[in-house]
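Notes follow once the structure below has been shown.
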Amino acid sequence: MKANFHTHCTFCDGKHDPELYIEEALKKGFRALGFSSHVPMPFENSWAMKAGQETAYLKEIGRLKEKYKDRIQIYAGLELDYYDSERRNDFRQLELDYIIGSVHWFTNMEKQQYYSIDGNAEEFRATLNELFKGDMKSFATAYYKQMINMVREFKPDIVGHLDVIKKNNKGETYFSEKDPWYRALVNELLLVIAANGSIVEVNTGGITRGYIDEAYPSQWILVECRKLDIPVVISADAHSAQDIDGCFEYAVSLLKESGYTEQRTLTNGVWISENL
């Protein structure tokens, strides 16, 4: 089954209108496409949906669901950005097909500031130095703690780009993924994900957008996910229509090498297992 459930359109920081993604999906033989715009944030930014647009977003996706119902299954989701001091469960009141839970930054709500985790190299260094005084272990510990809190509080259908903290770590600039302390942090998160029943996405968006040369999460993490019977789904994290299946063949190979034979997909509104 060809499908993607992590898609950003012009309602947030995606490049194209939702319908263009659907037309591209039809050309590529997709059976399902899910949209997952970033929810509005309490401070100025250039990537999230604007406050009050949720109704218009769901109305448009609903219109497209009806228009294309005989050709492709369309789903309406949201990517909820978790940060300490606000649970944001109010978005669960919306009529959504699924939720992706992610962590992109740390916040200082009093100063209305955010500190990037998956931004560019300069932003990453600023977060490391300003919040953690250059201590990468403290940075990583805070990130994975926030991921654990997100899974426990949001109980998301999908856990987004689990180890996005590695985005600026090319050549082990800041840490080694073989370090016992790092692996312990990841494994603690995986136990929480397994207990919650969430799906881990194999996210190829960092590759197609030129940020990194491998998927999130790393293969060793996928091997650990398999040991815990954590379900997976291949996600493009597409910000342009042509990328809705970006590097999917690589993702399939990565999963098979990690011991997986199936992934989860939404079919008729239900998460089911499909052969890779």
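Each residue in segment 31-53 was checked for being under 20 Å from the mean Cα position of the chain (by Cα) and among the aromatic types (Phe, Trp, Tyr), and 2 pass. Tell me yes or no: at least one residue of segment 25-40 is farther than 25 Å from Ala215 by Cα, surrounded by 15 or more Cβ atoms within 10 Å (Cβ to Cβ) and in contact (Cβ under 8 Å) with a residue 24 or more places away in the chain. No: zero hits.
For segment 1-18: of the residues being under 12 Å from the mean Cα position of the chain (by Cα) and in a loop (DSSP other than H, G, I, E, B), which is nearest to Leu58 (Cα to Cα)?
Filtering first and then ranking leaves His8.
I'm trying to understand the selection: among the residues of segment 176-190, which are charged (D, E, K, R) and part of a helix (DSSP H, G or I)? Of everything in segment 176-190, those that are charged (D, E, K, R) and part of a helix (DSSP H, G or I) turn out to be Arg183, Glu188.
FYI, it's all coordinate maths here, none of it is from the lab. The structure presented is a predicted model; accordingly, all values stated were derived computationally and were not measured. Positions of Cβ are backbone-derived with ideal geometry, glycine not excepted, and every protein chain shown enters the neighbour counts.
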